[in-house]
1. For the chain, take the longest principal axis of its alpha carbons; what is the angle in degrees between that and the long axis of helix 211-224, to the nearest 10 within 0 to 90?
2. Starting from the amide H of Ala63, placed 1.01 Å from N in the peptide plane, find each other amide H under 5 Å away whose residue is 5 or more places distant or on another chain.
3. Once amide H atoms are placed 1.01 Å from N in the peptide plane, what residues at a sequence separation of 5 or more from Ala429, or on another chain, have their amide H within under 5 Å of its amide H?
4. How much of the DSSP beta bridge set in the chain is antiparallel, as a percent to the nearest 5?
5. Sort Leu109, Leu181, Leu293 by Cβ crowding within 10 Å, fewest neighbours at the top.
6. For region 232-293, with the dipole built from +1 on Lys and Arg beta-carbon atoms and -1 on Asp and Glu ones, taken about the Cα centre, which of Ala292, Ser238, Gly267 lies farthest toward the positive end?
7. Using each residue's phi in region 363-375, evaluate 6.51 cos²θ - 1.76 cosθ + 1.60 at θ = phi - 60° and report the 3J(HN,Hα) Karplus result to the nearest Hz, with x for Gly and Pro.
8. In sequence order, what are the phi-derived ³J(HN,Hα) couplings for region 247-253 according to the Karplus relation 6.51 cos²θ - 1.76 cosθ + 1.60 with θ = phi - 60°, rounded to whole Hz, with x for glycine and proline?
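Computed from the coordinates by the stated procedures, all read-outs in this text should not be read as laboratory data. None of the values given here were measured: they were computed from a predicted structure. Glycine also receives a Cβ, built like all others from the backbone with ideal geometry; neighbour counts cover every protein chain displayed.
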Amino acid sequence: MSPHVVVIGAGIAGLTAAYSLLADATAPGGRSSRNVTVLEATARVGGRIQSGEFAGHTVDCGADAFLARVPDAVDLCRELGLAHLLTSPVSSSAGVWTRGGLHRLPGGLVLGVPTDLEALAASGIISPDGVARAALDLDRTEWIDGPPGPDPDGVDDQSVGWLIRSRLGDEVFERLVAPLLAGVNAGDADKLSLAAGAGQLASAARIHPSLIVSLRRQLETARAAGADPAAPVFNGLSGGTQLLTDTLHTRILELGGEVRLSAPVTGLHHSDGQWLMETPSGAVAADAVVLALPAAPAAGLLAEHAPQGAADLARLEYASVAMITVAVQRHALGCDLDGSGFLVALTDRLPALTACSWASSKWAHLADPDVAILRVSAGRHGDTAALELDDHALAAAIHHDLGTTMGLDEPFVACRITRWNDALPQFRAGHLGRVRALHDELMAGSAGLTVAGAAHEGLGIPACIRQGRKAALDLAEQGF
């Protein structure tokens, strides 16, 4: 008899796990020999991935891009027949709001860390004293407090802030590294795990006492291996990223899987070799389970099966954010939209706006000669003042900040506010070690239970896809 696997959660990780379980047990053109059911608490699939019509275009309400230089998302798009919709930003240049103006980010940045100090000085982002402080790193021949430990998953993990402030000074951290990373997780880079949130910097920091020297070596090695420095860093889908989750949903159904919406799981038990899930419409039995939920609901379901891992998950904090999508007349702006957008330095915080993506300049499929579409972020971990405003007041606050930064002097043509509560997990030092301990605890317990999703090994689309694939493989290797 075919094993029955239940996937709890229909975000990108859960959908990928379900699709992989079905596809890997399917003959060409047929239905899967596995029985897979997806249980989703809400009325739609996709989780934080959502697109919608706005100002005559399909514009993403959440993530609008994914890393192109890691294969997971791009490969899945190709596998699902979406390759013709893959697109890359028209412009890769971005800026930062600091020192009273918009400044273009200099070339040679690696996660915000400068490797070209002449370009850094010319950018005007960092003061001459700040550039001089960063340059001291080039002469460093001894470690500061030693390198990050050889096991970055464990107790030797440090924060990004610790590394950057000690190596390059406060200005580089506050005006470059912190705003860039906050654009990913809306968090506090002074507390962000180096291993989980900036793995490239973690590995570089173990090569040489000088972080700049280490990163230059990494770039040289990549070039020698044939890496194209002009290759796009990000890809998107010209019809919106929701096409990816919608297509996964369709393929799951075509392969014989089932997706139940508005089906929250309130309990998870193991008895007589089977997993039993409590739902409002009754119990669901399965041979194996993939738990692809945010930390809090996952912790509740895991408490009786992996108590230590569940306790660690329960302590994982999240940031809430809002995405304010606006359309404005181009002639009402006091700056040229000659890039992909801008970040806001920690030293120059605005009342509401934390980042602004110039969507109609970033993506060719959103281009319009008269109207510009901007995707503005508000809210960060520990600062919810803007999110406490009602929609009218929040829109007014964003309009004010766009006037300050971009010279906007006319009302919005259109405005859409999407609120994402508890959306972005905040990885503290040692996070990956706790994730590994949870996996070990699950492997030592009852067979057929695994986890995936942004709360574990990364919150980007490729990371969640990779975890969904891995969860499916884990269960297959256990015989399910």
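1. Helix 211-224 sits at roughly 70 degrees to that axis.
2. Amide H neighbours of Ala63, under 5 Å, 5+ apart: Gln50.
3. Distant-sequence amide H within range of Ala429: Ser193.
4. Within the chain, antiparallel bridges account for around 75 percent of the total.
5. Leu109, Leu181, Leu293
6. My answer, from the dipole projection, is Ser238.
7. 3J(HN,Hα) across region 363-375, in whole Hz: 10, 4, 6, 10, 5, 8, x, 10, 10, 9, 9, 10, 10.
8. 5, 4, 4, 4, 5, 4, 5
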